[in-house]
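Reviewing the structure listed below.
The values are calculated or read from the model by the stated rules, or taken from the named source; none is laboratory data. Predicted model only: the values in this text are computed from it and were never measured. In this analysis, Cβ positions are derived from the backbone assuming ideal geometry, glycine residues included, and neighbour counts consider all displayed protein chains.
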Amino acid sequence: MSWAPVYELVKQIPRGRVLTYGALARAVRLRGGARAAGRAMAASPSGQGIPWHRVLGAGGRILIREPYAGLQRKLLETEGVLVVESRVDLKRHLWAGPGRARRRPRKQVARRPGRAR
């Protein structure tokens, strides 16, 4: 299997934005889900311009171990991403994907008690 579609999508993530392994896997319809996306990122070739540091775990967590976790944190911070206790605020920095506008959360509509739909 080729990881090329994964790397092409990761190259599209703009500076200051991040994507989760699960969202990456869903976007390229990767069998094996988030774990497969993690394997692809771990195998990313050096010198190809793949911004591996912009891909995080669920909840915006940095999942890789030191010394690369420190490097990932440093690279994200140089792009303006705030990292607090190895976690990124996804509400602020999550990338919606290519050609899609960021969705705003829907307003909660109050329902009358006792009425079923």
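Some notes on this structure:
- Pairs where the first residue, in the range 19-46, is aromatic (F, W, Y) and the second is part of a helix (DSSP H, G or I), C-beta under 6 Å, 6+ apart: Y21/A34; Y21/A37; Y21/G38
- Applying the set (1) assigned to a loop (DSSP other than H, G, I, E, B); (2) aliphatic (A, V, I, L, M); (3) surrounded by 18 or more Cβ atoms within 10 Å (Cβ to Cβ) to L63 leaves exactly one unmet item: (3).
Residues checked against (1) surrounded by 10 or more Cβ atoms within 10 Å (Cβ to Cβ); (2) at pLDDT 65 or above; (3) under 26 Å from M41 (Cα atoms):
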residue	(1), (2), (3)
P67	no, yes, yes
L71	yes, yes, yes
L75	yes, yes, yes
G80	yes, yes, yes
S86	yes, yes, yes
R100	no, no, yes
K107	no, no, no
A110	no, yes, no
G114	no, yes, no
